[in-house]
Amino acid sequence: MDNRYLQGNFAPVTDEVTAFDLPVSGTIPDHLDGRYLRIGPNPRLDGPGAVDPDGYHWFIGAGMAHGLRIADGSARWYRNRWVRPEGDELAPNTNIVQHGGRTMALVEAGSPPYELTDELETVGRCGFAGDLAAGYTAHPHEDPTTGELHALSYSWTRGNRVDYSVLDTAGRLRHQVEVEVHGSPMMHDFALTEHYVVIYDLPVTFDIDMVAGKMPRPLRLPARLALNRVIGRNPLPDALVGAMARGNGAPSQLPYSWDDDYPARIGLLPREGNSADVRWFEIDPCYVFHTLNAYEDGDEVVIDAVRHERMFATEFTGPYEGLSSLVRFTVDTVAGKVREHRYDEHAQEFPRHDERLTGQRHRFGWSVGLDGPAPGDSVLKHDVVGATTLARPLGAGKEVGEFCFVPHADDAAEDSGVVMGYVHDRVTGLSDLVLLDAETLEDVAAVHLPVRVPAGFHGNWAPTAS
Ligand SMILES: [Fe+2]
């Protein structure tokens, strides 16, 4: 077995742990009162639901949530818990957010959002899940001016239809509209601006052969390509969906791959508009998992995002087709064109911004520097106005996960705060929650865990309700 996504710190942990009063180096700012939540795949390697180690894709491991409670300058507890879904649903593994006072575990294109308790025990499907069209997103964006949660969701069962939805501050579905895209793309993230929902319609698309356990698209016959294109534009019949879902239990492969024939487009959906109102703008072929932030500047829409040359074209166990970079897409809505600017040479992923500025003009962003496929080895701070990038390597033998920004106060300046995330030490086999000064990237504090937190996906600060 040589699947790198089951080795080293990608390997799952076997135990659910509860640890109290954790040792801290440095000083945790007194005003931090909440939980640092993070989630990732933690597949079972034997027994019921065990994954096939050869075909296992990092994106399809059953989700485990990790939480660290911080208050009064101390680290009161750490807990890790599997998300326990109903029936055969995949345990959400991609993002964990707090909205409307609820902790939600999220995955895209399949299982609905699951609610967890403050101590990470699974409550069940979120109440609004029954109102959604199939699937939800792992990357909803909260509008800081209204507190509403915006999402762009897709499911391979829905052909070329995706859904834009808005949850109100109580977590009820306020708005949902269906949008037609070119085919059946993987749509991991989107962006929000003052007036628009920014849609990435890009060439990683549903590949029925991967569901059927056959060779992925790049290796198969042209006739299969044609069939896939038909399927990609039409909702699948319920009987077929049922048969595919029953298959061999949880899918062992991610059913998406690169499609050279698929156009790459950015769409602008007016927030209160419908499918017919979307304006589409062609860009060079690429894939985008994550937006840093986006905003409007006169007749232009500015989108900072991490761009991959291609995705799932030759590598089918995880997201790596070469180095990815931070770029700015500038959509000129008058000329109908998109300009693309690459910021610098750093390979990176997991871009984040100060979420008080979602959809509004930002100056700073933070991401994880990579020297190959994830995990990373450094934290980067970008000043997109000054056109500079500050890099903070975390040291030899250290593996860096996503870092998120937490301001020092509601009215603090844009980079006045901390960034926090897990750092794994290959020598000790343990992990720390590391807090860096968001302005300088110098050490603020580290919480030392008695265990390791496997390399995973997204984490967020969930402040205690006041
Ligand atoms: Fe993501």
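The values are calculated or read from the model by the stated rules, or taken from the named source; none is laboratory data. Since the model is a prediction, treat every value here as computed from it, not as a measurement. Here the Cβ is made from the backbone with ideal geometry for all residues, glycine too, and neighbour counts use every protein chain on show. These accessible areas exclude ligands, DNA and RNA; they are computed on the full protein's heavy atoms, side chains included. Shrake-Rupley method; radii C 1.70, N 1.55, O 1.52, S 1.80 Å.
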Q) closer than 27 Å to HIS195 by Cβ, touching a residue at least 12 places away in the same chain (Cβ under 8 Å) and open to solvent by less than 20 Å² (accessible area, probe 1.4 Å): does that describe HIS424? A) no
Scanning region 1-13 residue by residue, those modelled with pLDDT under 95, in a loop (DSSP other than H, G, I, E, B) and surrounded by 15 or more Cβ atoms within 10 Å (Cβ to Cβ) turn out to be ASN3
When restricted to PRO144, PRO112, the only residue in a loop (DSSP other than H, G, I, E, B), at pLDDT 95 or above and not polar (S, T, N, Q) is PRO144
Quick check, is GLY322 open to solvent by 10 Å² or more (accessible area, probe 1.4 Å), away from the ligand (no atom under 16 Å from the Cβ) and within 27 Å of ASP2 (Cβ to Cβ)?
yes
Note on region 100-111: residues open to solvent by 10 Å² or more (accessible area, probe 1.4 Å) and more than 16 Å from the ligand (Cβ to nearest atom) are GLY100, GLY101, ARG102
Counting only strands (runs of 3 or more DSSP E) wholly inside region 184-288, the ones holding at least 1 residues that are open to solvent by 70 Å² or more (accessible area, probe 1.4 Å) and modelled with pLDDT of 65 or more are 279-282
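Yes or no, residue by residue, for (1) within 17 Å of VAL166 (Cβ to Cβ); (2) within 16 Å of the ligand (Cβ to nearest atom); (3) of a type in the set (A, V, I, L, M):
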| site | (1), (2), (3) |
| --- | --- |
| PRO255 | no, no, no |
| PRO270 | yes, no, no |
| ASP277 | yes, no, no |
| HIS290 | no, yes, no |
| ASN293 | no, yes, no |
| GLU296 | no, no, no |
Residue hits (region 126-144; in contact (Cβ under 8 Å) with a residue 40 or more places away in the chain and either more than 16 Å from the ligand (Cβ to nearest atom) or hydroxyl-bearing (Ser, Thr, Tyr) (or both)) are CYS126, GLY127, PHE128, ASP131, LEU132, ALA133, THR137, ASP143, PRO144
Within region 452-461, restricting to residues that are open to solvent by 10 Å² or more (accessible area, probe 1.4 Å) and assigned to a strand (DSSP E or B), the one that is nearest to PRO92 (Cα to Cα) is ASN460
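Would you confirm whether or not region 393-406 contains a residue that is surrounded by 15 or more Cβ atoms within 10 Å (Cβ to Cβ), among the small types (Gly, Ala, Ser) and more than 16 Å from the ligand (Cβ to nearest atom)? Talk me through it step by step, then tell me what you get.
Quick first cut of region 393-406, residues surrounded by 15 or more Cβ atoms within 10 Å (Cβ to Cβ) only: 394, 398-406.
Checking which are among the small types (Gly, Ala, Ser) leaves us with 401.
Still in the running and more than 16 Å from the ligand (Cβ to nearest atom): none.
Looking through region 393-406, none of the residues is surrounded by 15 or more Cβ atoms within 10 Å (Cβ to Cβ), among the small types (Gly, Ala, Ser) and more than 16 Å from the ligand (Cβ to nearest atom).
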In region 304-319, residues that are out of contact with any Pro (no Cβ under 9 Å at 6 or more places or on another chain) and within 16 Å of the ligand (Cβ to nearest atom) total 1
- request: Could you tell me whether TRP366 is within 16 Å of the ligand (Cβ to nearest atom) and of a type in the set (Phe, Trp, Tyr)?
  value: yes
Picking from PHE364, PHE316, PHE312, the residue that is more than 18 Å from ARG4 (Cβ to Cβ), of a type in the set (Phe, Trp, Tyr) and in contact with a strand residue (DSSP E or B) (Cβ under 9 Å, 6 or more places away or on another chain) would be PHE364
Taking region 427-444 and the residues there that are open to solvent by 10 Å² or more (accessible area, probe 1.4 Å) and of a type in the set (A, V, I, L, M, F, W, C), the one that is farthest from ILE96 (Cα to Cα) would be VAL427
With the first residue restricted to region 264-287 and required to be under 30 Å from GLU309 (Cβ atoms), and the second required to be among the hydrophobic types (A, V, I, L, M, F, W, C) and open to solvent by 70 Å² or more (accessible area, probe 1.4 Å), Cβ contacts under 7 Å at 6 or more apart or on different chains are ARG265/TRP280; GLY267/TRP280
